[in-house]
Amino acid sequence: MCGQAIVEGRRMRYAVPESSAVSVHDLAHDGLRLVTACSQEHLDVLRQRYARRPFIEEELWIGKIARLLDKYPDGHRIDRLAEAAGLTVGQVEQALQWLNRRASQ
């Protein structure tokens, strides 16, 4: 946004809600995106931008499913996939329906 190099010691970081963000290393950070800013003003702009973006549960669930499919490219039974993703079978089905609707638009 500001185009300035962020100087170490002045860097500001903040976790914002973001339904497309899934973590490879820490599942507790799913649904959060770490943003970095050069100033409080810049951080405020980033926070406002993310606050306007809708948080779509199905988008987050698709990310969790996709992370697992990378580990199991041959697939998984839906109940096992749901359990491994920390979701219910209904949530997996709902996420897949959301993805199909989005793909057909």
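The values are calculated or read from the model by the stated rules, or taken from the named source; none is laboratory data. These numbers were taken from a predicted model, which means no experiment stands behind them. Every residue, glycine among them, receives a Cβ derived from its backbone with ideal geometry; neighbour counts consider all protein chains shown.
On the given criteria, is Arg67 in a helix (DSSP H, G or I), of a type in the set (Lys, Arg), modelled with pLDDT under 95 and within 23 Å of His25 (Cβ to Cβ)? Taking the combined requirement at face value, the residue satisfies it. Note on the stretch 73-87: among residues that are within 18 Å of the chain's Cα centre (by Cα) and not in a helix (DSSP H, G or I), the one that is surrounded by the fewest Cβ atoms within 10 Å (Cβ to Cβ) is Gly86. Selection of the stretch 49-64 for residues being over 12 Å from Ala82 (Cα atoms), assigned to a helix (DSSP H, G or I) and without any contact (Cβ under 8 Å) to a residue 40 or more places away in the chain yields Arg49, Tyr50, Ala51, Arg52, Glu57.
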